Each structure stands twice: as C-alpha cells, then as structure tokens.
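Asks: Got a structure for you, questions after.
The values are calculated or read from the model by the stated rules, or taken from the named source; none is laboratory data. Quick caveat, the model's predicted, so the values are computed rather than measured. In this analysis, Cβ positions are derived from the backbone assuming ideal geometry, glycine residues included, and neighbour counts consider all displayed protein chains. Accessible surface areas use protein heavy atoms only, side chains included; no ligands, DNA or RNA. Shrake-Rupley method; radii C 1.70, N 1.55, O 1.52, S 1.80 Å.
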Amino acid sequence: MAKIDVGKYIEKKGGFNYLSWAWAVDYLRRQDPTATWEIIRFDGKPFMKTECGYFVEVAVTCHGVTLSQVHPVLDNRNKPIEKPNAFQINTSIQRCLAKAIALHGLGLYIYQGEDLPEIEMPSITDSIREKWAQIGGKPDVLERWFGNQVQEGKTITQIEQFLDEKIEEKKGA
C-alpha cells in the first residue's frame with residue numbers, strides 16, 4: 001500500500017497533515033477485506049495514564065501481519081492533554097488507527113519527519129508563486145513541493161534560482 005498516493009485525501013489541521021481515519025479504513029478493507037483492528041485495553045480502559053500523559057494503542061492486522069501503534073492523547077496543536085475527556089480520547093484512538101494503518105504502508109510518507117524538532121518554516125514568497133505559475137506548476141502542489149525543498153535544506157534564494165532555471169528551460173523548449 002506504500003505506493004498509493006493519498007495526497008487528495010490529506011486533511012490539514014493545526015498546521016499538521018492527517019489522513020482521515022475513515023478513508024484509511026475504507027482503503028484498508030478494499031485491499032484486504034479480512035483486515036481487522038483492535039483498540040488495546042489497559043485495565044479495561046481504552047487508554048493508559050502515565051506520569052507523562054495519556055496514551056492509546058491500536059493494533060491493525062492486514063494480510064495476516066499485525067502492527068500496533070501507540071499514540072499520545074493530544075490537542076489540535078499536537079500538545080498533550082492533561083485531563084482528556086471521552087471525545088479527546090476517541091479522537092486520539094482514530095488518529096492512532098490511521099497511523100497503525102500507515103504502518104502497513106498506506107500514507108506512511110505523511111508522517112515522515114514528524115519526529116524531528118520543529119523548525120521555522122519560511123513562507124512562500126509572491127515571487128515563488130509567480131515563478132511556479134510560469135513553469136506550469138499546479139497551485140495545489142506548490143505548498144508540499146516548497147516544504148520538501150525547505151526540508152532538503154534549500155534557501156529561498158536557491159528555490160528561486162531553481163525556478164528561474166526551469167523558466168529558462170521552458171522558454172528554450
């Protein structure tokens with residue numbers, strides 16, 4: 001399932017990318033109608049309380065392979081919730097389910113780099129937007145492409161130079 005492009009199903013919440021758990025479950029079941037998942041219980045509860053916060057765990061079995069994901073109970077800014085309510089725990093379980101499905105490949109690339117420290121993301125300049133349009137780049141792809149360039153360590157100047165080269169190539173074609 002790792003080869004599947006789930007880009008059009010990605011939702012953005014609080015600056016983070018998510019794959020809808022409902023879409024992930026639907027696609028999982030299409031790939032393996034016998035796929036199952038289990039919410040792991042801790043003393044009968046669907047969450048575990050520790051000194052450093054609350055956690056949930058979901059195990060997904062696909063094509064006979066079971067993989068589990070542990071997920072902290074977080075708010076919409078991905079910060080731990082000190083005293084979560086039932087809705088917040090349920091939301092965390094659904095996020096955990098989507099990530100457990102991703103362990104089987106579906107949308108796994110969404111979470112790459114998630115464990116890295118937060119860095120200040122430069123903004124896309126008007127100049128970059130204009131150059132992107134000149135080379136025929138799709139507007140809905142620009143943000144992801146730009147983010148990848150920044151993650152690779154490219155500066156705004158380097159990105160603009162790259163786009164300038166592409167514009168020149170297009171003129172010469």
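Asks: Top to bottom by accessible area (1.4 Å), largest first, where do ILE159, ILE10, ILE110 land?
Replies: Of ILE159, ILE10, ILE110, the descending order of accessible area is ILE10, ILE110, ILE159.
Asks: Next question, about the same structure. To the nearest 10 degrees, how steep is helix 156-172 against the longest Cα principal axis of the chain, on a 0 to 90 scale?
Replies: The answer is roughly 60 degrees.
Asks: Can you compute the charge dipole magnitude of the chain about its Cα centre, using +1 on each Lys and Arg Cβ and -1 on each Asp and Glu Cβ, nothing else charged? Give it in debye, rounded to the nearest 20. Numbers along the way, then the final one.
Replies: Numbers: 22 positive and 24 negative charges, 108 e Å.
Rounded to the nearest 20 debye, it is 520 debye.
Asks: Mind checking which of GLY172, ALA100, GLY137 is farthest towards the positive end of segment 31-173's charge dipole, using Cβ charges of +1 (Lys, Arg) and -1 (Asp, Glu) about the Cα centre?
Replies: ALA100
Asks: Report THR36's accessible area, 1.4 Å probe, all protein chains in place, as a number in Å² to the nearest 10.
Replies: 70 Å²
Asks: Using only Cα atoms, find the angle between the long axis of helix 21-31 and the longest principal axis of the chain, and express it within 0 to 90 degrees, rounded to the nearest 10.
Replies: 90 degrees
Asks: Rounded to whole Å and sorted largest first, list the principal axis extents of the Cα atoms in segment 36-173.
Replies: Principal-axis extents of segment 36-173 (Cα, largest first): 67, 37, 23 Å.
Asks: So what's the back-of-envelope 222 nm ellipticity for the chain, counting only DSSP H runs of four-plus at -39500 (n - 2.57) apiece and dividing by all residues, rounded to 500?
Replies: -12500 deg cm²/dmol
Asks: While we're here: Picking from ALA86, ALA24, ALA59, which is most flexible by a Gaussian network model of the chain using Cα springs under 10 Å?
Replies: Taking springs between Cα atoms under 10 Å, the residue moving most is ALA86.
Asks: Cross-link partners among aspartates and glutamates for LYS49, C-alpha distance below 18 Å, same-chain residues fewer than 8 apart left out?
Replies: List returned: GLU57, ASP75, GLU82.
Asks: Would you kindly find the accessible area of TYR9, with a 1.4 Å probe and non-protein molecules such as ligands, DNA and RNA excluded, rounding to the nearest 10 Å²?
Replies: About 80 Å², rounded to the nearest 10.
Asks: How large is the accessible surface of TRP132 in square angstrom, using a 1.4 angstrom probe and rounding to the nearest 10?
Replies: Rounded to the nearest 10, the figure is 30 Å².
Asks: Which residue, chosen from PHE47, ILE10, TYR27, occupies the Cα position most advanced towards the positive end of the dipole of segment 1-86, where the dipole is computed from +1 (Lys, Arg) and -1 (Asp, Glu) charges on Cβ about the Cα centre?
Replies: After comparing all options, I get ILE10.
Asks: If I fit a long axis through the Cα atoms of helix 86-102 and take the longest principal axis of the Cα atoms of the chain, what angle between them do I get, 0 to 90°, rounded to 10?
Replies: The helix 86-102 is inclined about 60 degrees to the chain.
Asks: How much accessible area per residue does the chain have, counting only protein heavy atoms and a probe of 1.4 Å, in square angstrom? Could you put the intermediate results ahead of the total?
Replies: Details: 11250 Å² over 173 residues.
Normalised by residue count, the accessible surface of the chain is 65 Å².
Asks: Report the charge-dipole magnitude of segment 19-59 in Debye, nearest 20, computed about the Cα centre from +1 at each Lys and Arg Cβ and -1 at each Asp and Glu Cβ. Walk me through the numbers before you get to the answer.
Replies: Numbers: 5 positive and 6 negative charges, 21 e Å.
So the dipole magnitude of segment 19-59 works out to roughly 100 debye.
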